[in-house]
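Take a look at the structure set out below.
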Protein chains: 4
Amino acid sequence: MKSKLKVGIIGAGRIGKMHAENIKRYFSEEVEIISIADIFADKILDWANSIGVSRVYKDHRAVLENKEIDAVLICSSTDTHSQFIIEAAQEGKHIFCEKPIDFNVEKIKQALSEVEKAGVKLQIGFQRRFDPHFRKMKQMILEGKIGEMHILKITSRDPEPPPIDYIKVSGGIFLDMTIHDFDMARYLTGSEVEEVFAVANVLVDPKIGEVGDVDTAIVTLKFKNGVLGVIDNSRKSVYGYDQRIEVFGSKGSLSVGNELNTNVVYSGDGGILSDKPKYFFIERYKEAYIEEIKAFIDAIINDKETPVTGIDGLEPVLIGLAAKKSLEEKRAVKVER
Amino acid sequence: MKSKLKVGIIGAGRIGKMHAENIKRYFSEEVEIISIADIFADKILDWANSIGVSRVYKDHRAVLENKEIDAVLICSSTDTHSQFIIEAAQEGKHIFCEKPIDFNVEKIKQALSEVEKAGVKLQIGFQRRFDPHFRKMKQMILEGKIGEMHILKITSRDPEPPPIDYIKVSGGIFLDMTIHDFDMARYLTGSEVEEVFAVANVLVDPKIGEVGDVDTAIVTLKFKNGVLGVIDNSRKSVYGYDQRIEVFGSKGSLSVGNELNTNVVYSGDGGILSDKPKYFFIERYKEAYIEEIKAFIDAIINDKETPVTGIDGLEPVLIGLAAKKSLEEKRAVKVER
Amino acid sequence: MKSKLKVGIIGAGRIGKMHAENIKRYFSEEVEIISIADIFADKILDWANSIGVSRVYKDHRAVLENKEIDAVLICSSTDTHSQFIIEAAQEGKHIFCEKPIDFNVEKIKQALSEVEKAGVKLQIGFQRRFDPHFRKMKQMILEGKIGEMHILKITSRDPEPPPIDYIKVSGGIFLDMTIHDFDMARYLTGSEVEEVFAVANVLVDPKIGEVGDVDTAIVTLKFKNGVLGVIDNSRKSVYGYDQRIEVFGSKGSLSVGNELNTNVVYSGDGGILSDKPKYFFIERYKEAYIEEIKAFIDAIINDKETPVTGIDGLEPVLIGLAAKKSLEEKRAVKVER
Amino acid sequence: MKSKLKVGIIGAGRIGKMHAENIKRYFSEEVEIISIADIFADKILDWANSIGVSRVYKDHRAVLENKEIDAVLICSSTDTHSQFIIEAAQEGKHIFCEKPIDFNVEKIKQALSEVEKAGVKLQIGFQRRFDPHFRKMKQMILEGKIGEMHILKITSRDPEPPPIDYIKVSGGIFLDMTIHDFDMARYLTGSEVEEVFAVANVLVDPKIGEVGDVDTAIVTLKFKNGVLGVIDNSRKSVYGYDQRIEVFGSKGSLSVGNELNTNVVYSGDGGILSDKPKYFFIERYKEAYIEEIKAFIDAIINDKETPVTGIDGLEPVLIGLAAKKSLEEKRAVKVER
């Protein structure tokens, strides 16, 4: 393929902007951003100009109907994902879609069915799989370093809760936040989750409870291959984004700790002080966000399967729904497929 | 109190011997070991001589009936604990008893009732509370360093499983192994466990499954004060005893990692290699075992409450029984009191 | 300044190529590479094309005489630096020059004098100053975190020695390798070196000794402000590039350790294994190389002083020459200015 | 040997008391303390009683002339060491003597000569050799883990300077403080120091300068086997006793860091805070002090050579004197033997 891949971006919030800027900075040789659609189109004009994109629309159809465009990045709000996937597939565009596809399993299945029918590529935005540390961990698991896996532990805590208005429409902590951990769990174990048990509480902010969500949770997972897993989440960690994973098996364990801002260590009369972890996902997964786009481009250009498929988008939602049910019913819940 | 405290030891297996040797080495000034009872009395004669104890009996009554003796250490097998506590209390002896008191709640309650009736002191052998790292952690929690506690995480993995014959009579992993973690959970949260959920599997050795036990487990705890807790256990960790705790709260987190054999670090062409964690509980809790005896002696000499009471012996058994039930019924189980 | 800054590159070896690619990838918005000169011009044509540069010359004059060009990056061999600086200054170009300027102090002074006469900007390629860890360290020193500085320690070891042919013309370990450490020493102490003492040996490869150089060295520095410093160097560290710095003062110490390839940690029956440090300077100072070019561009566009001046290029050479003399004469040698 | 080894202690300051208490606590089975001499005999009576020693004298001869006594520990002030060694040897006592033997080489040689003539055992109190971390490091060096050693680095900083009155008679930093590092250097390299170069300054407290000493120093060592070494010292480290060693060689490096008070780590909004290093030598080398006495007892009981001989007492003094001369003459100084 000699000519550049032509892409459109739907939704230019924080994540959409980041993807656009990464494409501009790192993949200008291979990719050209043709147009951007956002419901607040007039507010993003200056930013779009700054990265050399002049065609900015309010209506996503303007992007989808452009015959010139090969692929779209769907970065709009979750409630639009499944519909936009369907429309994009029908227009024959390859699709990169932010997580989650939807909170409704039927809608997801319908979207995946349209994607299959259209024969386009679909990649879901689970960027953590592209983090160099977790990738190395996965590789070492495959090399047999820990033998047979027995236990998987994921710690995942945000530096601060999103606005209450966001939480209201977020689908709840399991579908909004833990969903990334469910994806990592599947990725690292190489197995599907069979059964889920969740406990949770409102400990960070009572307002989160008032809108029907929780802010602190522990989710236990039982995998088909026998592995036992546990995820702990908090919406507020004062020391920054806490992203640690440990896998334990018959021959040893592997762990990945937090990336710190710098490795300067201060020894003073109060003790030995290291720097804080990187603040949040934008900082922590900087490289992973670039790598996932690189993989998407590579899948299209070289006609390969995308590394995070539609099933990878569906499964974490199924697990999240089971977690919700478990929390309500105080019992282990099987993941229904 | 001028004259030495006079103690007898019942049961001279690994733990009983260790306590006797610690008393000999560290508390000779304050304590004299008068006699030792063990069902294999003839096999421990040489050892008893080596620590200057000449009176060795097969029958524990020989120790209990000696008027000279102020206190006994019950280090015999678990099935004798509650009975020996009752007998010792009736003889007016202060009692240090290894964990667990019993697997049967009624027997425990009966034993505690006899202790109360007799007005003697009782201390249960949960030595981890005396570990300098966990003690400092507890102190920092009390100082408010982490604000309000939200999450407690305990990792507790043995370097290798005990013999199958032991596992058969051990009461199962929750009453034999996790019981220490239940104690730490109560100690660090300062709250009682309300509800338990357990998942488990046989991943280390199928023989453990054949005798009706599991070897890998994750137990989720919900505390009265709202804290969520999780414990993960394995009967076999190839890198040694894995004993880590993390508490997370509104103002930060505290963690205690493993003690390593030495802090020598080797950097070679294969990477950066640190020493392994200390092998097992005898090595890891060396200082804690000394400190718990020191506290027991102190409680008697200065007529203070023991730092690990009968209730502290009962509660972890209740939690363990709830965990067992949860595992069978695949649901959250309330701790019944 | 609306139009792009136009630069030429002289010397397209490993470092020259890296700078060109960084400019292309990160600074395309602000900078355009007009032409490249290299004595092996025919061998770099493909590479030059790949970054969109079509004008490639054998003769550096072709770059210097192009009126369109605002600034040049001198990345050719050390023996050409001072001459090319002079010529570039006479052509009115701003200059970024790799270290060292020269081994001959007179030639350096002459070059700096021409730069001053021409009123162009000069920045020397001491990229370590732009490393985020060392920058943070410097900032914390300035904030008074360690009080008054007493001791500075730099560990600087290469993963493997350069080819013997390179060592022959390298100026010796002090002017080739330690020179970066001398720069860091000046940067972090904020003071000039008064006296130097060096010990050294040939321990890595006898061939290095045969061409009159050493491969292992310890250099002690006494600074004007009273700080004592020590640098240890080795040409061969099997675990990778070893770049650590520690500053110690009246109120504490600051240290920067190595950046590792990943933060995956493996615990197995042989111990606890962390990843190796990044392999060499290209990997370790990836970000610093980008930042130094950014600072150079910024200095030109906004007419500011460059952050690494001609004096910063001269001083480390003076220290290196003093170290050489100290090694020969087995005594402390004053840095002559 | 059935009966207990009988020892006397000369000098009951901080170190003498510690040795006596260690013998009492850990070696009561094998050793009996017969008597103690101290110039302030009346002030130590209560303490002596507390460890069961009733014979306390002002005059050291009362200890030495007691035929019952097999061995003495000389823990009095440095100026008495060589004289007391001579007298003890003449009385046929085995000798444990604190470091340094003397500041005067002739006196040391005379003392060693008397020891040899008498055929008694002599062990010098360089306890760091018995530290478990450094011992493991030594063992790994002997196992060839780092191949051929190239560089040795010792960091050794005290938490606070001794009183000025002590400094006046201390022999200076090199003979009082660095002498321990010189011993470690010989121990770990297994080689003798050939040449020394020292720089130093008064940065901690001007009063130290007023009495003719320095408080901050860097000493470079060249060993007979080609190894290059460096020691950095400070009399005041606000974060506690800083005792780190690194050895670097053809196949890798080994390092030993500080022992911390506990391994509790606090993550808060200011960063990640670890505990401070152990405060000073009494805390840091607790185990080493016990082990050195154990080795001394073992050497006597089993008639073996002591692990720290008279030559091990002499050499560090020779190196210290060379360092002093180097500082004055600003040149490398050969260690004279």
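Among the residues of this structure, C:A295 counts as one that is farther than 25 Å from A:G268 by Cα, in contact with a strand residue (DSSP E or B) (Cβ under 8 Å, 6 or more places away or on another chain) and touching a residue at least 40 places away in the same chain (Cβ under 8 Å). Within the range A:255-297, take every residue that is within 18 Å of A:K138 (Cβ to Cβ) and charged (D, E, K, R) and give me the one that is farthest from the chain's Cα centre (by Cα). If we take residues in the range A:255-297 being within 18 Å of A:K138 (Cβ to Cβ) and charged (D, E, K, R), then A:E259 is farthest from the chain's Cα centre (by Cα).
Filtered by the rule that a residue be open to solvent by 10 Å² or more (accessible area, probe 1.4 Å) and of a type outside the set (D, E, K, R), the range D:201-222 gives D:N201, D:V202, D:L203, D:V204, D:P206, D:G209, D:V211, D:G212, D:V214.
For the range D:273-310, the set of residues classified as within 30 Å of B:I146 (Cα to Cα) and of a type in the set (V, I, T) is empty.
Quick grid of which residues meet (1) under 29 Å from A:S253 (Cα atoms); (2) within 14 Å of chain C (Cβ to nearest Cβ); (3) under 21 Å from the mean Cα position of the chain (by Cα); (4) hydrophobic (A, V, I, L, M, F, W, C):
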site: A:Q90; (1), (2), (3), (4): no, no, no, no
site: A:H94; (1), (2), (3), (4): no, no, yes, no
site: A:D131; (1), (2), (3), (4): yes, yes, yes, no
site: A:K138; (1), (2), (3), (4): yes, yes, yes, no
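Only one of the numbered conditions (1) in contact (Cβ under 8 Å) with a residue 60 or more places away in the chain; (2) buried (at least 22 other Cβ atoms within 10 Å of the Cβ) is violated by D:A89, and that is (1).
Residues considered: A:P159, A:P163. Of these, the only one that is open to solvent by 20 Å² or more (accessible area, probe 1.4 Å), in the same structural domain as A:S253 (by TED's automatic domain parsing) and at pLDDT 95 or above is A:P163.
Screening the range B:117-155 for residues that are charged (D, E, K, R) and touching a strand residue (DSSP E or B) at 6+ places or on another chain (Cβ under 9 Å) and picking the one that is nearest to B:V247 (Cα to Cα) gives B:K153. Condition (residue is in a strand (DSSP E or B), modelled with pLDDT of 95 or more and polar (S, T, N, Q)) applied to the range A:190-198: is it met by at least one residue? The answer is no, given that none of the residues of the range A:190-198 is in a strand (DSSP E or B), modelled with pLDDT of 95 or more and polar (S, T, N, Q). Taking the numbered list (1) surrounded by fewer than 17 Cβ atoms within 10 Å (Cβ to Cβ); (2) not in a helix (DSSP H, G or I) in turn, C:I69 passes all entries but (1).
One line per residue, one yes/no per condition, for (1) more than 22 Å from B:D158 (Cβ to Cβ); (2) in contact with a strand residue (DSSP E or B) (Cβ under 7 Å, 6 or more places away or on another chain); (3) at pLDDT 95 or above; (4) within 14 Å of another protein chain (Cβ to nearest Cβ):
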site: B:Y279; (1), (2), (3), (4): no, no, yes, yes
site: B:R284; (1), (2), (3), (4): no, yes, yes, yes
site: B:Y289; (1), (2), (3), (4): no, no, yes, no
site: B:V308; (1), (2), (3), (4): no, yes, yes, no
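Of the residues making up the range A:310-325, those that are buried (at least 22 other Cβ atoms within 10 Å of the Cβ) and touching a strand residue (DSSP E or B) at 6+ places or on another chain (Cβ under 7 Å) are A:G310, A:G313, A:I319, A:A322, A:A323.
Of all residues in the range A:143-161, those satisfying the criterion of being more than 10 Å from chain B (Cβ to nearest Cβ) and either free of Cβ contacts under 8 Å to residues at least 40 places away in the same chain or charged (D, E, K, R) (or both) are A:E143, A:K145, A:D158, A:E160. In the range B:178-205, the residues that are small (G, A, S) form Cβ pairs under 8 Å with partners that are surrounded by fewer than 22 Cβ atoms within 10 Å (Cβ to Cβ) and in a strand (DSSP E or B), at six or more places apart or across chains, as follows: B:A185/B:F223; B:S191/B:F223. Would you confirm whether or not the range A:326-335 contains a residue that is surrounded by fewer than 20 Cβ atoms within 10 Å (Cβ to Cβ) and in a helix (DSSP H, G or I)? Within the range A:326-335 (the criterion being surrounded by fewer than 20 Cβ atoms within 10 Å (Cβ to Cβ) and in a helix (DSSP H, G or I)), the answer is yes, since at least one residue qualifies.
Here's a check for you: in the range C:247-276, which residue that is more than 9 Å from chain A (Cβ to nearest Cβ) and within 27 Å of D:I218 (Cα to Cα) is surrounded by the most Cβ atoms within 10 Å (Cβ to Cβ)? So the residue we want is C:V247.
Among the numbered conditions (1) closer than 30 Å to B:T216 by Cβ; (2) open to solvent by less than 10 Å² (accessible area, probe 1.4 Å); (3) more than 12 Å from every other protein chain (Cβ to nearest Cβ); (4) not basic (K, R), the only one that B:I293 does not meet is (1). Of the numbered criteria (1) of a type in the set (K, R); (2) surrounded by 20 or more Cβ atoms within 10 Å (Cβ to Cβ); (3) farther than 25 Å from C:G249 by Cα, the one D:R235 fails is (3).
Of all residues in the range A:102-135, those being crowded, with 17+ Cβ neighbours inside 10 Å and without any contact (Cβ under 8 Å) to a residue 60 or more places away in the chain number 5.
Given the residues D:I173, D:I101, which is the only one that is in the same structural domain as D:F84 (by TED's automatic domain parsing) and farther than 21 Å from D:G257 by Cα?
Every option except D:I101 fails the conditions.
Hey, any hits in the range B:16-27 for a residue that's assigned to a loop (DSSP other than H, G, I, E, B) and open to solvent by 30 Å² or more (accessible area, probe 1.4 Å)? Looking for residues that are assigned to a loop (DSSP other than H, G, I, E, B) and open to solvent by 30 Å² or more (accessible area, probe 1.4 Å), one finds none in the range B:16-27, hence no.
Within the range A:298-306, the presence of a residue that is farther than 30 Å from A:L5 by Cβ and free of Cβ contacts under 8 Å to residues at least 24 places away in the same chain is excluded.
Put simply, of B:A12, B:A48 the only residue that is assigned to a loop (DSSP other than H, G, I, E, B), at pLDDT 95 or above and either surrounded by 15 or more Cβ atoms within 10 Å (Cβ to Cβ) or among the charged types (D, E, K, R) (or both) is B:A12.
The values are calculated or read from the model by the stated rules, or taken from the named source; none is laboratory data. What you see is a predicted model, and the numbers here were worked out from it, not measured in a lab. All Cβ positions, even for glycine, are placed from backbone atoms using ideal geometry, and neighbour counts span all protein chains on display. Heads up: the accessible areas ignore ligands, DNA and RNA and are worked out on the full protein's heavy atoms, side chains in. Shrake-Rupley method; radii C 1.70, N 1.55, O 1.52, S 1.80 Å.
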